[in-house]
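Below is one structure, written out as structure tokens, with a few remarks after it.
A short reminder: the numbers here are calculations on the coordinates, not readings from a lab. Note that this is a predicted model, so its numbers are computed, not measured. Reconstructed Cβ throughout: ideal geometry from the backbone, glycine too, with neighbour counts over all protein chains shown.
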Amino acid sequence: MFKGAMTALVTPFRNGAVDEERLRELVEFQIEKGINGIIPCGTTGESATLSHEEHDKVVEIVIDAVKKRIPVIAGSGSNNTTEAIRLTRHAYEAGADGALMLSPYYNRPTQEGLYRHFKAVAEAVPIPIIPYNVPSRTGSNMLPETVARLSEIKNIVGIKEATGDLKQISSVIDLCGEDFSVLSGDDFTVLPIMAVGGRGVISVISNVTPDDMSALVGACLEGDYDRARSFHYKMWPLMNALFLETNPIPVKEALAMMGKIQLEYRLPLCPMSEANREKLKKVMGDYGLA
């Protein structure tokens, strides 16, 4: 159902509050540059530090700004199944096209617990759902057999895979069939994942260069891997620079360098070290972005 290059959008702040004006401008920038979808309130959107009211507000603002021009897949994950249902229901009622659900973190559920968590949300809310498997943040890995069970549920339509394990990702694609969208959760792995059958990416780098990431993914979907490879290596230095420190610290620095947001985080996130900022600034300059 979902394919292409999609942006895990940052949440801009100003004086401690969500900066609605800049958020709407970011949406317009993404659409103008050819992105295929937008994800508000994901990890890159600092969802962990948004209040419930702010989370709902950001989703509503993005849906209103997009105006159905491209899909909006709202972040709605939680380690509390009841809360995940509430967030997902809000996304559905607000008009989102889908929901991106982070695998429960900290609890470290079993494979059966993971299955029951996503199944409970899918049965409660009739919206297309994409589970997000990122063991480095959640402490648990959703195995291919579990994903295959989930793919049999009608409105669980894909997965965002951020294990970086091509063997596991290939198994997911093999077990789940052509109608299930496997999306890269890491900018570094877009090209190889699409080469083995993935459908796209939910990207960080596309916050600053949506046109190039869209071009890479489009080339893969067309089977033009020589062209896709050229975009992969064009973006390679920027990919590395945007992960010099914990995401979304560098990408917000980069957007501030471009004049698109005011540089503001919520603790425990904080500005980059001066040394890393200078490294990022040089890469941004070389790329022609700052």
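Observations on the model:
- GluC sites (Glu not before Pro) lying in DSSP loop within region 128-203, provided at most 14 other Cβ fall within 10 Å: E152, E178
- Rel. contact order, % - alpha carbon contacts under 8 angstrom, at least six apart, region 3-79: 38 percent
- Distance violations [Cα-Cα > 24 Å] among K57/K282; K68/K167; K3/K279; K68/K119; K33/K154; K33/K67: K57/K282; K68/K167; K3/K279; K68/K119; K33/K154
- FRET efficiency for K282 and E53, using Cβ-Cβ distance with R0 set to 41 Å, rounded to 0.05: 0.55
- Looking at region 197-290, the GluC sites (Glu not before Pro) that sit in a DSSP loop and have at most 14 other Cβ atoms within 10 Å of their own Cβ are E222.
- Distance between the pseudo-spin-label points of K154 and E21 (7 Å out from Cα toward the beta carbon): 4.6 nm.
- Gyration tensor (alpha-carbon) shape descriptor, region 4-224, a/c threshold 1.5: oblate
- Amide H partners (placed H, <5 Å) of A290, local residues excluded: G285
- When the helices of the chain are scored as -39500 (n - 2.57) per DSSP H run of n ≥ 4 and the total is divided over every residue, the value at 222 nm lands at -14500 deg cm²/dmol.
- Sequence-distant residues sharing a close amide H with G200 (under 5 Å, placed H): G4, S184
- For region 4-224: relative contact order, % (alpha-carbon pairs under 8 angstrom, 6 or more apart): 20 percent
- Amide hydrogen neighbours beyond the local backbone of I156, cut-off 5 Å, H modeled: I129
- Among G113, G95, G158, the residue with the largest mean-square fluctuation in a Gaussian network model of the chain, with springs joining Cα atoms closer than 10 Å, is G113.
- Whole-Hz ³J(HN,Hα) from phi, Karplus 6.51 cos²θ - 1.76 cosθ + 1.60, for region 29-46, glycine and proline x: 4, 4, 5, 4, 8, x, 5, 9, x, 10, 10, x, 6, x, 4, 5, x, 6
- Segments 16-25, 60-69, 74-83 sorted - mean Cβ within 10 Å per residue, highest first: 74-83, 60-69, 16-25
- For region 167-183, Karplus couplings with θ = phi - 60° (6.51, -1.76, 1.60), whole Hz, Gly/Pro x: 5, 5, 5, 4, 5, 4, 4, 5, 7, 9, x, 6, 7, 9, 8, 9, 10
- Relative contact order (percent, whole number), region 1-130, Cα cutoff 8 Å, 6+ residue spacing: 21 percent
- Size of charge dipole - region 151-259 - debye, nearest 20, with Cβ of Lys, Arg +1 and Asp, Glu -1, no other charges: 120 debye
- Vicinal HN-Hα couplings computed from phi for region 262-268 (Karplus, 6.51 cos²θ - 1.76 cosθ + 1.60; Hz; Gly/Pro x): 7, 6, 8, 10, 10, 4, x
- For region 4-224, a simple Cβ point-charge model (Lys and Arg +1, Asp and Glu -1, everything else neutral) yields a dipole of about 480 debye relative to the Cα centre.
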